[in-house]
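Inspection log for the structure reproduced underneath, given as structure tokens.
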Amino acid sequence: MKITGIELRRIAMPLVTPFRTSFGVETERDVLLVRVVTPDAEGWAECVAMSEPLYSPEYVDGAADVLRRFLIPALPACPDVHAVGRALRPFKGHRMAKAALETAVLDARLRVAGQSLAAFLGADADRVPCGVSVGIMGSVPDLLDAVEGYVAEGYRRVKLKIEPGWDLAPVRAVRERFGEDLLLQVDANAAYTLADASHLARLDAYGLLLIEQPLAHDDMVQHARLATRITTPICLDESIESAEHAAAAIGLGACSVINVKPGRVGGYLESRRIHDLARASGLAVWCGGMLETGIGRAANLALAALPGFTLPGDTSGSHRYYATDITPPFVLQDGHLPVPTGPGIGVDPVADVLDAVTVSTEWITV
Ligand SMILES: [Mg+2]
């Protein structure tokens, strides 16, 4: 499969509502799309880096720069699936940029082969249960209204973003209003320190599925210490950037659940390695989200269909974030989304919708 060229396309996607986490507020998603062109097929992928380096060191302009300056020039002329990762390995970090490039090449190859990404990864579920991530709100009544809407839509699990000052009260209110049967978890995006352990232990009373990334991304030992002081299972997100990190976290007892985000760990092949490792170690994994458009969402659904993804992920319906998605929208059915079955990621952008949100395109001949 000879690559003719690669397009880097920036799109601006307005969010239906501002999304607030412990590290900031987003009102519009600045997305970098990668399109790999070959004589026989095109492959698409979405880089999940955000506009600013607040979730991780990566940001969209930086991802575009490293792609055009280093990663794309390093691609072999006719890369097989594993050759992309090997070619990019000498460059440190930049996992979201690497993931986008590897995924676009993989998509093109699978389209030529007529195989779906889900089948390639070894998934056999035809639908996956969906959770929703609810941002930090201005008030508890606003939060309860938002959660009520998502529960009515059929979401199988609710995740509340928390930070110091917005933790016990919103969790208590949601528990009291929606009862013990609601699958509920929280995500701190690294907003606490080990000094908060006794405060975080007060969340144990609310029967949470897990607390996600309570401490800093490089505090794996501290997470292991926290795990001895709270009963709520600890899930790591930002701390896990590779299968090696996952092995270290499991060995240390730093977590009992892992949130797998393909962009954060450098792609779907690495995501599958983490899945396999966690499964062999008896840990649950679930698929996180980075406010993806339909391009990234489609690929995440393929991953979430693997058997070790035993908890509902943040693979929400398109309308959770976007009034008009760039692909045909993913619509929740009985709390689930269907796993795409077409070749590759199984979806294509809608040309006129894509053009309407495009800010810039850049063509790189390979
Ligand atoms: Mg998270």
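Computed values, structure above
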{"read-out": "Ordering of 198-209, 216-227 by packing [mean C-beta count within 10 Å, highest first]", "value": "216-227, 198-209"}
{"read-out": "With 5 Å bins from 0: P(r) over segment 269-366, alpha-carbon pairs, percent", "value": "2, 12, 20, 21, 17, 13, 8, 5, 2, 0"}
{"read-out": "Hits among aspartates and glutamates - C-alpha to C-alpha of Lys161 under 17 Å, sequence gap 8 or more where chains match", "value": "Glu26, Asp142, Asp145, Glu148, Asp187, Asp196, Asp204, Glu212, Asp237, Glu238, Asp314"}
{"read-out": "Additional length obtainable on full extension of the chain from Glu244 to Thr193, 0.36 nm per residue less Cα span", "value": "16.0 nm"}
{"read-out": "Ellipticity estimate at 222 nm from DSSP helix runs (n ≥ 4, -39,500 (n - 2.57)) divided over the chain, nearest 500", "value": "-9500 deg cm²/dmol"}
{"read-out": "Relative contact order %, segment 7-89, counting alpha carbon pairs below 8 Å whose residues are six or more apart", "value": "19"}
{"read-out": "Ranked packing of 359-366, 246-253, most packed first, by mean Cβ within 10 Å", "value": "246-253, 359-366"}
{"read-out": "Dimensionless Rg/Rh of segment 206-246 - Kirkwood Rh, Rg from C-alpha atoms", "value": "0.97"}
{"read-out": "Of Thr293, Gly135, His245, farthest towards positive along the dipole that unit charges on Lys, Arg, Asp, Glu beta carbons give the chain", "value": "His245"}
{"read-out": "Separation of alpha-carbon centers, segment 235-293 and segment 305-366, rounded to whole Å", "value": "21"}
{"read-out": "Theoretical gain in end-to-end length, Val350 to Val331 [0.36 nm per residue, Cα-Cα removed]", "value": "5.2 nm"}
{"read-out": "Beta bridge orientation in segment 119-338: antiparallel %, DSSP, nearest 5", "value": "20"}
{"read-out": "Computed over segment 53-148, Kirkwood Rh from alpha-carbon pairs, angstrom", "value": "16.6"}
{"read-out": "The chain: relative contact order as a whole-number percent, Cα under 8 Å and 6+ apart", "value": "23"}
{"read-out": "Carbon plus sulfur fraction of accessible area for the chain, probe 1.4 Å, in percent", "value": "52"}
{"read-out": "Kirkwood hydrodynamic radius (C-alpha pairs) into Stokes-Einstein, the chain, 4 °C and 1.567 mPa s, D in µm²/s", "value": "63"}
{"read-out": "Heavy-atom surface of segment 170-222, accessible at 1.4 Å and reported per residue (Å²)", "value": "42"}
{"read-out": "Extension gain from Arg202 to Lys92, taking 0.36 nm per residue of separation minus the Cα-Cα distance", "value": "35.6 nm"}
{"read-out": "5 angstrom amide H check on Phe91, placed H, neighbours 5+ away", "value": "none"}
{"read-out": "Protection proxy ranking, peptides 342-351, 287-296, 233-242, average beta carbon neighbours within 10 Å, highest first", "value": "287-296, 233-242, 342-351"}
{"read-out": "Reach of Lys2 by Cα under 20 Å, taken over aspartates and glutamates that are not fewer than 8 positions away in the same chain", "value": "Asp40, Glu42, Asp80, Glu102, Asp107, Glu362"}
{"read-out": "Dipole-positive endmost among Tyr55, Phe91, Tyr150 within the chain (Cβ charges, Cα centre)", "value": "Phe91"}
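The values are calculated or read from the model by the stated rules, or taken from the named source; none is laboratory data. These numbers come from a predicted model, not from an experiment. Cβ atoms come from the backbone with ideal geometry, glycine included; neighbour counts cover every protein chain shown. Keep in mind that these areas ignore ligands, DNA and RNA; they rest on the heavy atoms of the full protein, side chains included. Shrake-Rupley method; radii C 1.70, N 1.55, O 1.52, S 1.80 Å.
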